[in-house]
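Participant: Structure in structure tokens, see below.
Read the figures in this text as sums done on the coordinates, not as results from a lab. In this text the structure is predicted, and so the values were computed from the model without any measurement. Ideal geometry is used to build each Cβ from the backbone, glycine not excepted, and the neighbour counts take in all protein chains shown.
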Amino acid sequence: MEKFDQRIQLVASSEFSKVVDQWRRTQSDLPSKSEAIRRLVQLGLAYEEDNPMRLVTAIIRPHKYEDVRDALLELGVEGVTITQVKGFGRQRGQTEVYRGAEYQTHEVPKIRLDIAVSGTLVEHVVEMIQKTAGTGKIGDGKLFIQPITDAIRIRTGEHGEQAL
């Protein structure tokens, strides 16, 4: 058994402690709480190593697209898939005027960006999109981040981050 000689202070919520205890009880050897946290950290690090790519999906206002695109290019993002979409969030649509008549639309036009990036770039991409696409008003959009297990470039057959 490996000897540990480094102490790390961890301040955590009672909810976190409950989740760790629940996970501990699922283990056949019922590790101590500190050993359970050590194992969970190792599992998380291994997961990050095995799945270094992320798919960032951004739903933004249409008039913000060009600013976001330019900022993504400055960050070194090499590819983005753009889709015109409609939907609603908390605002539940909007009121518009057409030829003097006011009408209610239930779905609001948005732009969906799907951006595959390496794990090292994901935080920069998220921060940049928030900064560039945000107006501070309801309807600014959403960001979703998902792990990518693999990517394959069709033309060359390259896998992983080389395919991005």
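Participant: If each residue's Cβ is checked for other Cβ atoms within 10 Å, how do LYS131, LYS110, LYS3 rank with the fewest at the top?
Facilitator: LYS3, LYS131, LYS110
Participant: Another one. Work out, step by step, the length gained on full extension between THR81 and GLN42: first 0.36 nm times the residue separation, then minus their alpha carbon distance; give nm to one decimal. Spell out each step's value before the answer.
Facilitator: Numbers: separation 39, 0.36 × 39 = 14.04 nm, distance 3.38 nm.
Contour length minus the Cα-Cα distance gives 10.7 nm.
Participant: So, one more: Evaluate the distance, in nm, between pseudo-label points positioned 7 Å from the Cα of LYS33 and of GLN91 along their respective Cα→Cβ axes.
Facilitator: Result for the modelled spin labels: 4.6 nm.
Participant: Setting aside same-chain residues fewer than 8 positions from LYS33, which lysines have a Cα under 27 Å from its Cα?
Facilitator: Candidates past the 8-residue exclusion: LYS3, LYS18.
Participant: Relative to the present Cα-Cα distance, how much length would full extension add between GLU49 and VAL19 at 0.36 nm per residue of separation?
Facilitator: Here the segment from GLU49 to VAL19 would lengthen by 8.4 nm.
Participant: Another question, then. Relative contact order (percent) for the chain, with alpha-carbon contacts under 8 angstrom and 6 or more residues of separation?
Facilitator: About 29 percent, as a whole number.
Participant: Using θ = phi - 60° and the Karplus form 6.51 cos²θ - 1.76 cosθ + 1.60, what ³J(HN,Hα) does each residue of the stretch 56-70 get, whole Hz, x for Gly and Pro?
Facilitator: 9, 10, 10, 10, 10, 5, x, 6, 9, 4, 4, 5, 5, 4, 4
Participant: What longest range of the chain stays clear of loop-exposed chymotrypsin sites (Phe, Trp or Tyr not before Pro) (DSSP non-H/G/I/E/B, at most 15 other C-beta within 10 angstrom)?
Facilitator: With a cap of 15 other Cβ atoms within 10 Å, the longest stretch comes to 5-87.
Participant: Students often forget the sequence filter, so: which aspartates and glutamates lie under 15 Å Cα-Cα from LYS131 once same-chain residues fewer than 8 apart are removed?
Facilitator: Of all the aspartates and glutamates, those that pass the test against LYS131 - Cα under 15 Å, at least 8 places apart if same chain - are GLU66, ASP67, ASP70, GLU74, GLU123, ASP140.
Participant: Less than 19 Å from a label point 7 Å out along the Cα-to-Cβ axis of GLN6: which backbone N atoms in the stretch 47-61 qualify, by residue?
Facilitator: Flagged as within label range: 47-49.
Participant: Please give the length that would be gained between HIS159 and SER118 if that part of the chain were fully extended, namely 0.36 nm times their separation in residues minus their C-alpha to C-alpha distance (nm, one decimal).
Facilitator: 13.5 nm
Participant: Report the local net charge at ALA163: Lys and Arg +1, Asp and Glu -1, summed over other residues whose C-beta lies under 13 Å from its C-beta.
Facilitator: -2
Participant: Follow-up. Considering the values [x] 21, 20, 16; [y] 28, 20, 12; [z] 41, 24, 14, which represents semi-axes √(5λ) of the Cα gyration tensor in Å as calculated for the structure under consideration?
Facilitator: Matching entry in [x] 21, 20, 16; [y] 28, 20, 12; [z] 41, 24, 14: [z].
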